[in-house]
Structure formats: structure tokens, C-alpha cells
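Here's the structure, in C-alpha cells; my notes come after.
The values are calculated or read from the model by the stated rules, or taken from the named source; none is laboratory data. On a predicted model such as this, the values are computed, not experimentally measured, just so you know. Cβ: placed from backbone, ideal geometry, glycine included. Neighbour counts: every protein chain shown. All accessible areas refer to the heavy atoms of the entire protein, side chains included, with ligands and DNA or RNA removed. Shrake-Rupley method; radii C 1.70, N 1.55, O 1.52, S 1.80 Å.
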Amino acid sequence: LRNTYMLLAMTLAFSAVCAGAAMAMEIGRGTAMIMSLSALVMIFFLNKVANSSKGILFVFAFTGLLGGSLGPMLNYYLAFEGGASLVMQALGTTALVFFGLSAYVLTTKKDFSFMGGFLMVGLIVAIVAMVANIFLGIPALSLAISAAIVFIMSGMILFDTSRIVNGGETNYIRATVSMYLNIYNLFTSILHLLGAFGGDD
């Protein structure tokens, strides 16, 4: 657990640096999409090297790519009136949710493994809806998807933390990647919701 949280903290910091660099370079959405897809491909390699020291290098490459892919989105929201405050609110809310849920599991030692099936189904439905909305372009559906992802990722934090605490996941590299993805998706969804209800989206 200590190794997971230590590596998670380092990867989040590295991801933030990469996001800052991408923002400064003002990379486009196309480049960001390529970085995201490259990171997804890297997940397959991560599973193969998770038990070796190479795994740590792959984790940093993976989180660096995803962090960098946030550049255009962050620049978009920072251009809003009060955009910096909006991004900080999203970061603060994400941190609050993550630490609150993790602390709950660590304190109670409850086993949330029963949620796995429900969360997977919910995630598949959200992804299908997301792909469909690329063609439909319905703003209300986009907001509904973001709200659903916030709930799903909150559930995933409970699920993944309980697996680490109760011995369901013993590899800290895989555990770090799971937690990072939960936080990443939680942050982007909260930012989208805050931006929309701020009246600028």
C-alpha cells in the first residue's frame, strides 16, 4: 500500500509537469488524442512488465502521455473567466473525493470486491454512450456521461483500495495504474461538469 501511494504521488507530480509543458507548447487536440491512444496501447505492455523494474519506467511514460494529453483541455478551461479558479476547484474536489473514499476503506477495511461487476457494466455503458455522442453531439448527454463517470470512478476508488488492503491486488505497479486512471477520469469529468455549470460550456 505504501509503495502504491508513493508511486502514485510521483506519477501524479510527473503528469502535472507534462500537462504544464503541453500547455506551454499549446499542443493541439489531434496531438493530445495521439498521446491518449499511445497511453492506452501502453497499458498492454504495462501488464507484461508489471513484475519487473521496467514496469516503473512504463508507468512514468504512461502517466506522462496522459498528463500531456490534458494540455488542450486545461488551456480551454483556463481561457474562461475565472478559469484558474475552476481548474483548482476540480483539483480540490478530486483530491477530496479520493482521500475521503480511500480513508474510509483504510479505516473500515471493508471489502468492496462485490462492486466489480456493476462498475464494469457501468463503465462499458458510459464508453458506448461516449462514442455514440461523438456523432450525436448532444450537450445534455455529454453532461450525463460525465456525471456517471464521476460516480463510477468513485466506486472504482473504493473497489481498488479495498483490493489493495485485502490482498486482492499485490502488484503495486498495476495498483498505481488503476488508481491513476480513477483520479484522471474523475478530475476530467468534474472539470467538465464545473465548466458546464459555470455557463461557459
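For the stretch 68-201, pairs of C-alpha atoms spaced more than 20 angstrom apart make up 50 percent of the total. Once you reduce the stretch 81-106 and the stretch 7-62 to the center of their Cα atoms, the two points are 21 Å from each other. For E26 and L143, the difference between the fully extended length at 0.36 nm per residue and the C-alpha to C-alpha distance is 39.5 nm.
What the phi angles of the stretch 19-31 give under the Karplus curve with 6.51, -1.76 and 1.60, with θ = phi - 60°, is a coupling list of 5, x, 5, 5, 5, 5, 7, 6, 5, x, 5, x, 4 Hz, glycine and proline written as x.
Under the combined filter of DSSP loop state and at most 16 neighbouring Cβ atoms within 10 Å, the stretch 26-110 retains these trypsin sites (Lys or Arg not before Pro): K109, K110. Largest accessible area first, the listed residues D111, D160 line up as D111, D160 when surface is computed with a 1.4 Å probe on the assembled protein chains.
On the basis of the beta-carbon distance and an R0 of 25 Å, N51 and M115 show a calculated FRET efficiency of 0.40. Share of pairwise Cα-Cα distances greater than 23 Å in the stretch 11-143 is 53 percent (whole percent). The length gained on full extension between V17 and L136, counted as 0.36 nm times the residue separation minus their Cα-Cα distance, comes to 39.4 nm.
Per-residue SASA remark: E26, around 140 Å² accessible (1.4 Å probe; ligands, DNA and RNA not included). Our Cα-only numbers for the stretch 5-70 put the radius of gyration and Dmax at 12.1, 36 Å. Residues within the reach of a label modelled at L78 (point 7 angstrom out along Cα to beta-carbon, backbone nitrogen below 16 Å), restricted to the stretch 24-38, are 24-29, 32.
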